[in-house]
Structure formats: C-alpha cells, structure tokens
Amino acid sequence: MANLDKCHIIDLPKITDSRGNLTYIEAYRHIPFDIRRVYYLYDVPGGAERGGHAHKALHQLIVAISGSFDIHLDDGGRKKTIHLNRSYNGLYVCPMIWREIDNFSSGAVCMVIASDFYDEEDYYRDYGIFLDDAKRL
Ligand code: TYD
C-alpha cells in the first residue's frame with residue numbers, strides 16, 4: 001500500500017455527556033503504535049505554517065483538540081489535504097510523509113501523539129532529499 005493510503009482518519013471514542021464530552025486514546029487499541037511523546041502547537045498566529053518536514057520512522061496521530069487547521073500530506077508520489085476540526089478525530093500519519101500544516105483557526109490547538117522521543121536525526125527537513133529517498137522505497 002502506498003504510504004499516502006496508510007494515512008487515515010481514526011474515529012476516537014467519544015463519551016457524550018450533558019456536562020461536556022470526553023475522548024480518550026489508548027496505545028494499540030485506538031492507534032497503531034505505542035505512545036512515547038505528546039506535544040502540541042498553540043498560540044499559532046494567523047497565516048502561520050507549521051511542519052515542512054517528514055519523519056524517517058516516526059508514527060504520529062494529529063488531533064485538532066480545539067479549532068481547526070489543514071494538513072497537506074505528500075508521500076513523494078501523491079498529495080492530499082485533510083481538514084481537521086473535530087476533537088474526536090485523529091489523523092494517523094505513517095513514516096515517510098512530508099507534511100505541512102496551515103489555515104489554523106483562531107485559538108486552534110494541534111496535539112500530536114508520537115511513537116518515539118524527539119530525535120532530530122529522524123527528520124527530513126530538505127524536501128529534495130526526502131523526495132529522492134521516498135522514490136527509492
Ligand atoms: P518542528 O518539529 O520543526 O515543529 P513543527 O513541525 O510543529 O513546525 O519543531 C520545532 C522546534 O521544536 C525544533 O527546534 C525542534 C523542537 N522540538 C523539540 O525540541 N521537541 C519536540 O518534541 C518537537 C516536536 C520539536
């Protein structure tokens with residue numbers, strides 16, 4: 001299966017309640033990897049873009065905890081854009097996907113659950129080098 005086709009929306013459990021809804025995420029049960037790190041983007045100024053890189057081995061789940069944004073995915077062969085705007089939806093992103101995130105709404109919070117600790121060695125930050133390696137897969 002092409003890497004782009006492995007990236008998909010995962011419907012997370014949602015416990016609806018008149019006091020407010022609750023969503024939870026369990027490693028392997030709801031997402032196909034173990035959880036080693038969580039980080040989030042917030043206070044994103046209007047018009048800003050994040051991402052602009054790919055990972056060699058990292059698996060991620062991206063959730064619009066609050067607000068909305070667009071995620072542009074590119075596996076070196078094909079591209080697609082996904083709009084995330086639900087706290088109970090997560091976008092699974094497999095390794096070897098170049099991603100850019102933009103169109104953040106005011107107050108948006110982008111939470112990322114990752115399969116490993118932060119490691120700069122796992123990044124492609126040069127699109128040309130990423131493309132060369134992606135085409136060799
Ligand atoms: P980066 O991954 O480029 O951010 P984004 O993809 O969201 O635009 O990371 C931005 C900076 O933060 C970079 O200097 C690395 C650092 N960083 C950490 O130290 N730990 C982390 O877990 C992450 C995700 C980034």
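A few remarks follow.
- Lone unmet requirement of (1) hydrophobic (A, V, I, L, M, F, W, C); (2) part of a strand (DSSP E or B); (3) open to solvent by less than 40 Å² (accessible area, probe 1.4 Å) for Met96: (2)
- Given (1) more than 11 Å from the ligand (Cβ to nearest atom); (2) within 17 Å of His53 (Cβ to Cβ); (3) surrounded by fewer than 19 Cβ atoms within 10 Å (Cβ to Cβ); (4) among the aromatic types (Phe, Trp, Tyr), number of the condition Tyr88 does not satisfy: (2)
- Which numbered condition Leu61 fails, given (1) in contact (Cβ under 8 Å) with a residue 24 or more places away in the chain; (2) out of contact with any Gly (no Cβ under 9 Å at 6 or more places or on another chain): (2)
- Residue in segment 116-137 that is open to solvent by less than 30 Å² (accessible area, probe 1.4 Å), assigned to a loop (DSSP other than H, G, I, E, B), in contact with an Asp or Glu (Cβ under 9 Å, 6 or more places away or on another chain) and modelled with pLDDT of 95 or more present: no
- Taking segment 72-87 as the range and being within 24 Å of Phe130 (Cα to Cα) and either charged (D, E, K, R) or not in a strand (DSSP E or B) (or both) as the test, the residues that pass are Asp74, Asp75, Gly76, Gly77, Arg78, Lys79, Lys80.
- Scope segment 98-115; condition over 23 Å from Phe33 (Cα atoms) and either among the aliphatic types (A, V, I, L, M) or within 10 Å of the ligand (Cβ to nearest atom) (or both); matching residues: Ala108
- Single condition Gly90 does not satisfy, out of (1) assigned to a helix (DSSP H, G or I); (2) in contact with a strand residue (DSSP E or B) (Cβ under 7 Å, 6 or more places away or on another chain); (3) small (Gly, Ala, Ser): (1)
- Scanning segment 116-129 for residues that are within 14 Å of the ligand (Cβ to nearest atom) and not hydroxyl-bearing (Ser, Thr, Tyr), we see that the one that is farthest from Leu58 (Cα to Cα) is Asp126.
- A search for C-beta distances below 7 Å between a residue of segment 116-129 that is within 13 Å of Tyr39 (Cβ to Cβ) and any residue that is open to solvent by 60 Å² or more (accessible area, probe 1.4 Å) and within 11 Å of the ligand (Cβ to nearest atom), counting only pairs 6+ apart in sequence or on different chains, returns Asp116/Arg36; Phe117/Arg36.
- Residue pairs whose Cβ atoms lie under 8 Å apart, separated by 6 or more positions or on different chains, with the first residue in segment 70-94 and on the phi > 0 side of the Ramachandran plot and the second hydrophobic (A, V, I, L, M, F, W, C) and modelled with pLDDT under 95, are Gly76/Leu137.
- Some residue of segment 29-51 being within 13 Å of the chain's Cα centre (by Cα), without any contact (Cβ under 8 Å) to a residue 60 or more places away in the chain and either under 28 Å from Ile129 (Cα atoms) or within 16 Å of the ligand (Cβ to nearest atom) (or both): yes
The values are calculated or read from the model by the stated rules, or taken from the named source; none is laboratory data. These figures come from a predicted structure and were not determined experimentally. Cβ sites come from the backbone with ideal geometry, for glycine too, and all protein chains shown count toward neighbours. Calculation scope for accessible area: heavy atoms of the full protein, side chains included, ligands and nucleic acids excluded. Shrake-Rupley method; radii C 1.70, N 1.55, O 1.52, S 1.80 Å.
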